[in-house]
Structure formats: C-alpha cells, structure tokens
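The values are calculated or read from the model by the stated rules, or taken from the named source; none is laboratory data. All values derive from a computational prediction rather than experimental measurement. Methodologically, a virtual Cβ is constructed for each residue, glycine included, from the backbone with ideal geometry; neighbour enumeration extends over all protein chains shown.
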Amino acid sequence: MNNKKDKVDVEGVNEIVKTGSKILKLFYVVMVFIIIMGIVLICKTLNIFPILFTILSVISPFFLGLIIAWLLNPIVNKLSDKGMRRGWATALVYLMLIVLIYLFCLAIIPSLIDQLNEMAKMAPSLLTQAKEAVDNIFVKLSNLTNIDMTSVRGEFINFIEKFASSITTGLPEKLVSIVQGFVSGVGNLLVGFVIGFYLLLNFNNVNKFLISMIPKKFQSDVEKLTSNISDVLFGFVNGTFIDSLILLVIYIIGFSIIGLNAPVLFAVFGVVTNIIPYIGPYIGGIPAVLVAFTQSPVTGTLVLVFIVAAQCIEGNFLHPIIMGRKMDLHPVTIVISLLIFGHFFGIMGMILATPIVAVLKVIYVFLDEKFDFFGYNKDKSVKKEISKVKQSK
C-alpha cells in the first residue's frame, strides 16, 4: 500500500468536524426558534394573549414606576456620589421632572386642544375640498384617456361620503372612549410615579436583592447580562427622547412658517409615528400632506418637501449622532422584526420591535461569548483588528 494513501487528512477531518458542529448548533437555534413560534401560535389559538394583556394592564403602574426609577436612577446616583442624601436627591430629581412635565404640557396641550377644535370645525370643508379635488382628477383623466370614468368617480365620491358619515356618527363614542382612556392613563401614571419614587429611594438595594435570590454561581453572569441589557435599553430610550424632542421643535417651526393648519397637532402625530422605524415617517407625514394640499397646491408641495428634508436630516445626521451604534442591528433584521411584531401586536409591537430585538441580540452575544455558539465575538474581534491594520497603513 502507498503510504500517502494511508495518511489521514487531519485538516480535512477537523474542517468536517467544525462544519458539522456549526450545523448542529444552527439546528439547535432553529429548533429553539420553532419552539418559540409554536408557543406563540398556541397562545394565540387558545386566546391566552388577551388574558396576559389584561394582567399586564392591571399591574402596569408597577412596571411604569420601575421604568421611571430605572431612568432616573443614574441622576440620583450622581447626586448621591457628590454627598447628597439619597432621599433628598430622589425628591429633587422628582421635583425637577414634575416641573419639566408641567412646562411641556403648558406649552403644548392648550395649543393642541385649540387645533383639534379647529380641525373638527374644518372637517366638513376639508371633505368638500377633497371631493372637488377627486372630481377634478377624474375629469382630467377622462379628457386625457377619452374613457368615461363617471361610474368610478361616483363610487369613489360615495366612499368618501360614507367614510365622512361614519366618522361623524361614531365621533361621540370615540371621544368618550378617548376621554376614558386618557383618565385611566393619567391615573396609572400617577400611581406609577408614586411607586417609582419609593423604588428609586432604594433602587440599588432592590437590584442587589434580586441578584442575591439567584444561585451564587450564576450571579456574576446575570449581573453582567442585566447590565448590558440596561445599557442598550437606556441608550435607546434616551436617544429616542432627545431625537423626538428635536424633531418636534423642527416640525412645529416648519409647519408654522409654511402655514399648515394645526401645525402642533401634525407635529406631535409625526413625532409619535416617527418612533416606528422606516415606515413611521410615512404614516405621520401623509395626513399633514393631504390637509396641506386641500389648503393649496403650493402649501401641499412645501409641506411635502419640508417633511422629506426633515426626515433626511433626522435619518442621516440627527439619528446616527444621537443614537450612535448602540442598537448595532442590521436594517434587514429591523424590517423582519417590524413585520413579525406588527403582525402579532399591531402598532405597539412595531414600536417595541427594535428594543426587543436589540435585547435578544445582547442575550445571544452573551451566550455566544460564554458557550462559543458561532464565534460571533471572535469574528467581530478579527474584523476590528483588520480595520485597525488598514487604518495604520
């Protein structure tokens, strides 16, 4: 026998083993994903989600208080480190927060209420203008194509009239539900503020107490993981708040200068929907553009150009500077998460999709670092070294 044939290709065997190990790990990940999706589908089939949402809504003040305490804890810690007693530091931070909320509401809410009333009064004339605009569009299309569009035009206008009628008849009921929801929300907010105050007094001790309930051999890992998750979420919340506040000011100033009706109303709506990645700006911008075009073509064009310019500035400069790379998520990952969470949980799911996926990624990176699933951290460190070498050259 030839000795060359008797030799074992060690490198080839190692490569096969490594490939098989990665395939097996990938199989485990896919199986975990399938199990999670199966649990979600079972819960949806058995109608468990409404029960869970009811329970969460009942205990929502506690979660709200926990979030408030978590957000304010770094400021209180800084004041405590400078020698102020924690109780006084907590009271001072809460007082500053209440003053800021009061000033913000004083600046925004009266104008918002006035503009809502103005829009309600303008609704009939806006619908009339919309019908006239649709009528003109169909007339122009008929003249250009020499096709009789009378029936299509009639059906479209009939749809607009039915839509307007449904809004008018259902408006009192909707207003009552909005007022009830607002009162309930304010009540939960007040209870959450009280709970948050007491949690903030001993927030660090509460965190240590919860960690101490975990077996000692897991405490360091859990503390590291929760710290990483907290950093990511805090960066997301802090960045989103600053980004939204700046965009709100830009929208109010721009809409007011252009002369759009109810500029504060459309600015607030645009900023709230802007929290939803990618599709949020379109959802928030369409109503403003439609109302602007009913005022005049020039106003509509100016509002459209302004929104596009503001979104370009926000998306390409403001958002990256404020948020940095804290999320570290690929755009495709964000889009897929929006589709999945939007399908199961609607608009709220789309708003929460990015931070939830960011947290899942932190957990995945932590597990990969500990158990070396796919060598994510190794690949990342190698890429950093390569980039450093390229920069040095």
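Looking at Leu290, Leu245, which one is modelled with pLDDT of 85 or more and surrounded by fewer than 17 Cβ atoms within 10 Å (Cβ to Cβ)? Give the steps one after another, and end with the answer.
Numbers: Leu290 fails: modelled with pLDDT of 85 or more.
When all the criteria are applied, what remains is Leu245.
Being touching a Ser or Thr at 6+ places or on another chain (Cβ under 9 Å) and either part of a helix (DSSP H, G or I) or in the same structural domain as Ile113 (by TED's automatic domain parsing) (or both) is the filter here; which residues of the range 268-288 pass it?
Within the range 268-288, Val271, Val272, Asn274, Gly280, Pro281, Tyr282, Ile283, Gly284, Gly285 qualify.
A quick yes/no check of all residues on (1) surrounded by fewer than 18 Cβ atoms within 10 Å (Cβ to Cβ); (2) more than 15 Å from the chain's Cα centre (by Cα); (3) within 24 Å of Leu64 (Cβ to Cβ):
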| position | (1), (2), (3) |
| --- | --- |
| Phe236 | yes, no, yes |
| Gly259 | yes, yes, no |
| Val271 | no, no, yes |
| Gly284 | no, no, no |
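Restricting to the range 77-95, and then to whatever is in contact (Cβ under 8 Å) with a residue 40 or more places away in the chain and more than 11 Å from Phe197 (Cβ to Cβ), can you tell me which residue is surrounded by the fewest Cβ atoms within 10 Å (Cβ to Cβ)?
Among them, the one singled out is Asn77.
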